[in-house]
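The values are calculated or read from the model by the stated rules, or taken from the named source; none is laboratory data. Predicted, not measured: the structure shown is a model, and the values here were computed from it. When we count neighbours, we look across all protein chains shown, and the Cβ atoms used for this are built from the backbone with ideal geometry, even at glycine. In case anyone asks, the SASA skips ligands and DNA or RNA and just uses the protein heavy atoms, side chains included. Shrake-Rupley method; radii C 1.70, N 1.55, O 1.52, S 1.80 Å.
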Amino acid sequence: MDYLYYLRQDKMPHIWCDGCGHGIILKSILRCVDKLGWDKNDIALVSGIGCSSRTPGYVDFNTLHTTHGRALAFATGLKIANPKLHVIVVSGDGDATAIGGNHFIHAARRNIDITMIIYNNYIYGMTGGQVSPTTPAHKKASTAPYGNPDEPFDISRLAQAAGATYVARSTVYHVGKMDNYIGNALQKTGFSVVEILTPCPTSYGRRNKEGNGVDMMRYQKENTIGIEKAKNMSAEALAGKIVTGVFVDKEQESYLNRYNEVIKKAQSGV
Amino acid sequence: MKKNVVIKINESWCKSCEICVSFCPKKVYDMGQFYPIVARPEECTGCKLCEKLCPDFAIQIIIPEETKKTK
């Protein structure tokens, strides 16, 4: 496939650091869209603020770069106003679970037909390496120089508990899995979340002595465990491991159907 | 081994992260001073892993049509 067909080539090369995995995720999204044969004009890519949220700037879809954490709020409006659009939200871990945390869980509860792709690099990269809700305990960040005292969020479990209809997690190293999950999520009716773990060598790897992008991707390669295998393992054995796989895949009525019912009832004047 | 696989590297977009050099299963690339060098093109099987893993859209793998049809 030709990636350049989907890119705004005058905006390239992108600003992401060397070794950052965000470009790999963007490629995966483009491959999935290409495979599904969707027209560029039928897709809306919405983002908030952060490294990950630079994505729409480089892609030649209908794109919307919104305020910090509020990408889902804008996307909800878009989807309701024009249900024919394929609405994709790209968001970082801080954008989705800290500033936009409430939008995230309530969009999942509402089960509106949006695909959300969360780039989880454990840190606020763009704003200077501050601690994010997914920074693992004891890891260093610019606002946690002695180590992070908090326990991290598990984004996939959070989405599962909040009621999303499709939840999956992969790493950027496992491109095949990532393609499968993003492809499934795009086709799913209902709120679908794909969490992709991506290295941030500049803000996270450097402070925690985890090396460059290649070293961090090698860690992903060697420490990833499938969700089925992880079910039979103890918590000690899972420490420091990355659990990937499909967490939820269920069918549930989308919000748009229920909203249409409300419109019909209101218009009938009963 | 597939023949005639063309590996194109766009040096103006490459940020020399060395992901292609490190993860190519056949070790086709060597790192040059600034950019990867296609050192062993005859080893390339056309798996496109480097193309998929390149975050900077800098690698393009072109497999000629006749090899595509036999797949």
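Using the structure shown, decide if residue A:267 is more than 20 Å from the chain's Cα centre (by Cα) and modelled with pLDDT of 90 or more. Considered against the rule, which asks whether it is more than 20 Å from the chain's Cα centre (by Cα) and modelled with pLDDT of 90 or more, residue A:267 comes out as yes.
For region A:72-86, the count of residues that are of a type in the set (Val, Ile, Thr) and within 14 Å of chain B (Cβ to nearest Cβ) is zero. Mind counting the residues in region A:178-200 that are surrounded by fewer than 24 Cβ atoms within 10 Å (Cβ to Cβ) and within 12 Å of chain B (Cβ to nearest Cβ)? Residues in region A:178-200 being surrounded by fewer than 24 Cβ atoms within 10 Å (Cβ to Cβ) and within 12 Å of chain B (Cβ to nearest Cβ): 1 in total. Among the residues of region A:133-157, those that are under 18 Å from the mean Cα position of the chain (by Cα), under 19 Å from residue A:216 (Cβ atoms) and open to solvent by less than 10 Å² (accessible area, probe 1.4 Å) comprise A:134, A:135, A:155. Quick check on region A:38-57. Is at least one of its residues under 26 Å from residue A:162 (Cα atoms) and without any contact (Cβ under 8 Å) to a residue 12 or more places away in the chain? Within region A:38-57, not a single residue is under 26 Å from residue A:162 (Cα atoms) and without any contact (Cβ under 8 Å) to a residue 12 or more places away in the chain.
Remark: residue A:69 matches the filter, which requires a residue to be small (Gly, Ala, Ser), surrounded by 14 or more Cβ atoms within 10 Å (Cβ to Cβ), modelled with pLDDT under 95 and on the phi > 0 side of the Ramachandran plot. In a residue-by-residue description of region A:201-222, the property of being more than 12 Å from chain B (Cβ to nearest Cβ), outside any helix (DSSP H, G or I), open to solvent by less than 30 Å² (accessible area, probe 1.4 Å) and in contact with a Gly (Cβ under 8 Å, 6 or more places away or on another chain) applies to no position.
Hey, does region A:32-54 have a residue that's outside any helix (DSSP H, G or I), within 14 Å of chain B (Cβ to nearest Cβ) and open to solvent by less than 50 Å² (accessible area, probe 1.4 Å)? Within region A:32-54 (the criterion being outside any helix (DSSP H, G or I), within 14 Å of chain B (Cβ to nearest Cβ) and open to solvent by less than 50 Å² (accessible area, probe 1.4 Å)), the answer is yes, since at least one residue qualifies. Regarding residue A:267, is this residue among the polar types (S, T, N, Q) and either touching an Asp or Glu at 6+ places or on another chain (Cβ under 6 Å) or in contact (Cβ under 8 Å) with a residue 24 or more places away in the chain (or both)? Here the answer is no, as residue A:267 does not meet what is asked. Criterion first (among the charged types (D, E, K, R) and in contact with a Gly (Cβ under 8 Å, 6 or more places away or on another chain)) does residue A:139 satisfy it? Answer is yes for this residue.
Annotation: residue A:26 fulfils all but one of (1) within 14 Å of chain B (Cβ to nearest Cβ); (2) more than 15 Å from residue A:120 (Cα to Cα); the unmet one is (2). Determine whether residue A:160 is more than 20 Å from residue A:22 (Cβ to Cβ) and either surrounded by fewer than 21 Cβ atoms within 10 Å (Cβ to Cβ) or hydrophobic (A, V, I, L, M, F, W, C) (or both). Judged against the criteria, residue A:160 is a match. Here residue B:59 fulfils each of the conditions (1) in contact with an Asp or Glu (Cβ under 7 Å, 6 or more places away or on another chain); (2) within 12 Å of chain A (Cβ to nearest Cβ); (3) more than 22 Å from residue A:29 (Cα to Cα); (4) not hydroxyl-bearing (Ser, Thr, Tyr) apart from (3). Filtered by the rule that a residue be more than 14 Å from every other protein chain (Cβ to nearest Cβ) and more than 23 Å from residue A:131 (Cα to Cα), region A:145-177 gives A:160, A:161, A:162, A:163, A:164, A:165, A:166, A:167, A:168. Take the residues in region B:1-39 that are part of a strand (DSSP E or B), over 21 Å from residue A:21 (Cβ atoms) and open to solvent by less than 60 Å² (accessible area, probe 1.4 Å), then tell me which one is farthest from the other protein chains (Cβ to nearest Cβ). Looking at residues that are part of a strand (DSSP E or B), over 21 Å from residue A:21 (Cβ atoms) and open to solvent by less than 60 Å² (accessible area, probe 1.4 Å), I get B:38. Scanning region A:1-19 for residues that are in contact with a Lys or Arg (Cβ under 9 Å, 6 or more places away or on another chain), at the interface with chain B (Cβ under 9 Å from one of its Cβ atoms) and not in a helix (DSSP H, G or I) yields A:13, A:14, A:16, A:17, A:18, A:19.
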